[in-house]
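The values are calculated or read from the model by the stated rules, or taken from the named source; none is laboratory data. Values in this document were obtained by computation on a predicted structure and should not be read as measured data. Here the Cβ positions follow ideal geometry from the backbone for every residue, glycine too, while neighbour counts run over all protein chains shown.
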Amino acid sequence: MEKHFWPNNWVFILAAIGSAAGLGNLWRFPYLAYEHGGGAFVLALIIANLVIGIPLLTLEIGLGQMMQSGASDAFGHIKKQFRYIGWAALTLGFMVLSYYMVVVSWGVNYLGASLSLGWGNDTEGFFFNNILNLSSGVDTLGGMSWPALSGLIVAWVFVYLAVHKGVQSISKAVVWTATIPFVILAILIIRAVTLDGALDGLKLFLIPDWGALVDPKLWLAAFSQVFFSLSLAFGIMIAYGSLKKRTDEITTGVLWIAGGNFLVSIMSGIVVFGTLGYMATQQGVSVSSVVTGGPALAFVVFPQAINLLPAFNSLFAILFFGMFLMLAIDSAFSLLEAVAVSFKDRYPQTSTRKVAFLLSLVGIISGIVFTTTGGLYFLDIVDHFVVNYGLVVIGILEALTVGWLWKEKELENFINERSKLKIGKKWNMSIRYIIPLFLGWLLIWNTVNELRVPYGEYPTWALLCIGVLPLLLVPVVSFAIEKLTSKTKMNEE
Ligand code: PHE
């Protein structure tokens, strides 16, 4: 079967920005900045982008493009055993996908409710009772959130449609989903900063507390944010790189991707904090008392702020949740495509449609647990462990295999031959030393803190069964997938 590529390098760049820019920018970044010294965090994030984000992004895209295959075979071409690293990355990515889509499903419900501001005045009740049907704790299950389940199915139909013709359908989708959010963000910025009190919010977000720069927590937060935000370590950028022609330029593209992603973060921060400033002024409370991140920001606080707008409330609701969905959906389908590409490598004769369909089916089924009445707790726990441990371990393994166990010169030369902007010593330093050391530190720090103060207010069994156990199963699953799929292709080689 003939292999398809991105129609041109710009479409690839858009797709990668689409994958990178998502909820990490909209609801994770502004909150982290607020927590870690405002402008000081923004500076830390720029540094983290330069010393680990951009080098690793270059590595992933370059590796995919060089090997012309998805994560598992790209690593497999370095050394056969490394294929497991690829599968482990993809397995973790698929876990993220299954809950990320549930968040998208809430967004689908909210877009539906936007026209009539259906959340009413009790936005908290609407989210937790009407949408989530949330139980009293992780140990109390039974029952479903029907809005979440139906939203999930709708959301998956869109993701399937985006991926069902592989790079061809993705190219069409990202031309919209990766550009419109910039336009909407610009409109929302103008609205937000012209509201009363916006400045009070923006001050909290941007005025630097330079003292925070000596706090190791700030750096750890900046590093993990860069990882999550650039969609690294889940095999996505490797897969997207493998869909580039072997002759395509690399490094300038990487800068566009990192820059575009950073811009979305800053724009989101302005919208979020401008709006929070206004809301606090209207309610006569301090801005810090209304600041939140995560689901509560988008689904409780923002609807409240939208209610308080002086005019065109529904319009702004539609713009906000429309943007929310577009930001999230192209991150979601990049996760699916990453897995699909690796399966296609193993079963080149099978149609892309079929692969996409089967994976979507598995995705919906594995998402169902997050649409039960205890879904939010499950989601929170899985997210915590996958992002803080799984992703970090894969990042370390990636850097070590490429930097130490392979003549990374090969990759360096490959990248430099096709790029105006050359990589060299600094890139090598980052891959060999900085990334493994910093991520190693992050891992140890997280583990020590976790043991001292377990995450959230969950019972230990829940953390172990829902958070730790799935992580321990990742190597087993990777092994099984490799064994099941390698019979066909690798034997032919
Ligand atoms: N980069 C996406 C975001 O910021 C999240 C994501 C992480 C998506 C990993 C795919 C893989 O929301």
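Just a few scattered comments:
- Among the candidates 43, 111, 26, the residue that is crowded, with 24+ Cβ neighbours inside 10 Å and in contact with a helix residue (DSSP H, G or I) (Cβ under 9 Å, 6 or more places away or on another chain) is uniquely 26.
- Matching residues in segment 149-183 - criterion: being in contact with a Leu (Cβ under 7 Å, 6 or more places away or on another chain) and crowded, with 21+ Cβ neighbours inside 10 Å: 159, 163, 167, 174, 178, 181
- Which numbered condition residue 315 fails, given (1) farther than 24 Å from residue 94 by Cα; (2) within 21 Å of the chain's Cα centre (by Cα): (2)
- Selected residue (criterion: surrounded by the fewest Cβ atoms within 10 Å (Cβ to Cβ)) from residues of segment 290-346 that are within 14 Å of the ligand (Cβ to nearest atom) and not hydrophobic (A, V, I, L, M, F, W, C): 294
- Single residue of segment 215-232 satisfying the filter (near the ligand (Cβ under 8 Å from one of its atoms) and not polar (S, T, N, Q)) that is nearest to residue 50 (Cα to Cα): 230
- Residue 446 passes every criterion in (1) over 30 Å from residue 344 (Cα atoms); (2) modelled with pLDDT under 95; (3) surrounded by fewer than 13 Cβ atoms within 10 Å (Cβ to Cβ); (4) polar (S, T, N, Q) apart from (3).
- Test: residue in segment 35-46 that is within 16 Å of the ligand (Cβ to nearest atom), closer than 19 Å to residue 390 by Cβ and assigned to a helix (DSSP H, G or I): no
- Residue match in segment 187-199 (condition: outside any helix (DSSP H, G or I) and on the phi > 0 side of the Ramachandran plot): yes
- The lone criterion from (1) within 16 Å of the ligand (Cβ to nearest atom); (2) touching a residue at least 60 places away in the same chain (Cβ under 8 Å) left unmet by residue 259 is number (2).
- Which numbered condition residue 18 misses (of (1) crowded, with 22+ Cβ neighbours inside 10 Å; (2) small (Gly, Ala, Ser); (3) more than 16 Å from the ligand (Cβ to nearest atom)): (3)
- In summary, residue 30 fulfils each of the numbered conditions (1) in a loop (DSSP other than H, G, I, E, B); (2) within 15 Å of the ligand (Cβ to nearest atom) with the single exception of condition (1).
- Subset of segment 56-72 (residues that are assigned to a helix (DSSP H, G or I) and either within 18 Å of the chain's Cα centre (by Cα) or crowded, with 24+ Cβ neighbours inside 10 Å (or both)): 56, 57, 58, 59, 60, 61, 62, 63, 64, 65, 71, 72
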